[in-house]
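K.L.:
Structure incoming, see below.
The values are calculated or read from the model by the stated rules, or taken from the named source; none is laboratory data. Bear in mind the structure is a predicted one, so any value in this text is a computation, not a measurement. In this analysis, Cβ positions are derived from the backbone assuming ideal geometry, glycine residues included, and neighbour counts consider all displayed protein chains.
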Amino acid sequence: MDELQFRKTVAENIIRCRKDAGMTQGALAQKLNYTDKSVSKWERAEGLPDAFVLSEMANIFDISVDELIHGKGSTHAEKSVKKLSVKKKIIPFLSAGIVWLVAAVIFVALEIIINNFFPEAKEIKWLRPWLIFIYAIPFSSIVFTVFSCLWRGMAARCLSVSGIIWGVFLSIILSVPAQKIYLTAIIAAIVQVLAIMWFYMRYRSRLQKARLKEAQKQKSEESKTEE
């Protein structure tokens, strides 16, 4: 197998594994700390990722480096990648569903206890069992944030953090019987803006590092060619 054919084989394997994992070129590039242009270059067989990048890519796809390079055991690799992709989609929602299940159990238990044993508690304004479902919003958002940090990009992380911010705000205004409590929306809005700025800075920082790494790699390849 000559070099061109080898590059094409690797390119085809990267494309197949990336699509089976449900990832875009940008998402894969972000996980590798490279630019999407680098991934596009590899998938067009115009270059090869180095050994470390191939190893990282294999870990992301949950296959061996040999399968990624040569396509050996491609059926196993495809099944492994698809299985991992399904897990990444199901596990966050399953975990968040557990939060809502716990909230439902607490709600039902409170309703039964209050109606059967403490009926006078219904007159207490702040004792509203249905608020349990409001409290579940920030907790389920925390779950999504954790899995976003593990498997998703900056946009998903920012969205899940926003769920925490506004879930906490909603819980406060519905739970605290105070005048002008709605003004806490100003605080929530400021925190939201700060969160967006933070994730944007993180994204730009990663992008700059990826471009720097790519430039260093190109410079290294040019120096090797000159030698």
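K.L.:
Considering only helices (runs of 4 or more DSSP H) fully contained in region 17-69, which possess at least 1 residues that are more than 21 Å from the chain's Cα centre (by Cα)?
P.N.:
So the answer is 36-43, 51-61.
K.L.:
Taking Ile90 as meeting all but one of (1) modelled with pLDDT of 80 or more; (2) under 30 Å from Ser175 (Cβ atoms); (3) among the hydrophobic types (A, V, I, L, M, F, W, C); (4) exposed (fewer than 13 other Cβ atoms within 10 Å of the Cβ), write down the number of the exception.
P.N.:
All conditions are met except number (2).
K.L.:
Hey, does region 108-131 have a residue that's closer than 27 Å to Ile90 by Cβ and either in a helix (DSSP H, G or I) or at pLDDT below 90 (or both)?
P.N.:
Among the residues of region 108-131, at least one is closer than 27 Å to Ile90 by Cβ and either in a helix (DSSP H, G or I) or at pLDDT below 90 (or both), which makes the answer yes.
K.L.:
Could I ask something else about it? Considering each of Gly167, Gly163, Gly97 in turn, give the residue that is at pLDDT 90 or above, in a helix (DSSP H, G or I), within 30 Å of Glu56 (Cβ to Cβ) and small (Gly, Ala, Ser).
P.N.:
Gly163 is the lone residue from the list that is at pLDDT 90 or above, in a helix (DSSP H, G or I), within 30 Å of Glu56 (Cβ to Cβ) and small (Gly, Ala, Ser).
K.L.:
What residue, among those in region 1-35 that are touching a Leu at 6+ places or on another chain (Cβ under 8 Å) and among the charged types (D, E, K, R), is surrounded by the most Cβ atoms within 10 Å (Cβ to Cβ)?
P.N.:
Arg18
K.L.:
In region 176-205, what count of residues is obtained for those that are outside any helix (DSSP H, G or I) and not aliphatic (A, V, I, L, M)?
P.N.:
Within region 176-205, residues that are outside any helix (DSSP H, G or I) and not aliphatic (A, V, I, L, M) number 3.
K.L.:
Taking region 17-41, which residues are over 22 Å from Met154 (Cβ atoms) and either at pLDDT below 85 or of a type in the set (A, V, I, L, M, F, W, C) (or both)?
P.N.:
Residues satisfying the conditions are Cys17, Asp20.
K.L.:
Here's another thing I want to ask about it. Scan region 115-136 for residues that are within 40 Å of the chain's Cα centre (by Cα), farther than 18 Å from Val168 by Cβ and surrounded by 12 or more Cβ atoms within 10 Å (Cβ to Cβ) and report the count.
P.N.:
Number satisfying all stated conditions: 2.
K.L.:
I need the full set of residues from region 144-181 which are farther than 19 Å from Leu28 by Cβ and of a type in the set (Gly, Ala, Ser), in order please.
P.N.:
Ser160, Ser162, Gly163, Gly167, Ser171, Ser175, Ala178 - these are the residues of region 144-181 that are farther than 19 Å from Leu28 by Cβ and of a type in the set (Gly, Ala, Ser).
K.L.:
If you don't mind, there's one more thing I want to ask. Considering each residue of region 5-17, count those that are farther than 16 Å from Asp50 by Cα and touching a residue at least 24 places away in the same chain (Cβ under 8 Å), and give that number.
P.N.:
4
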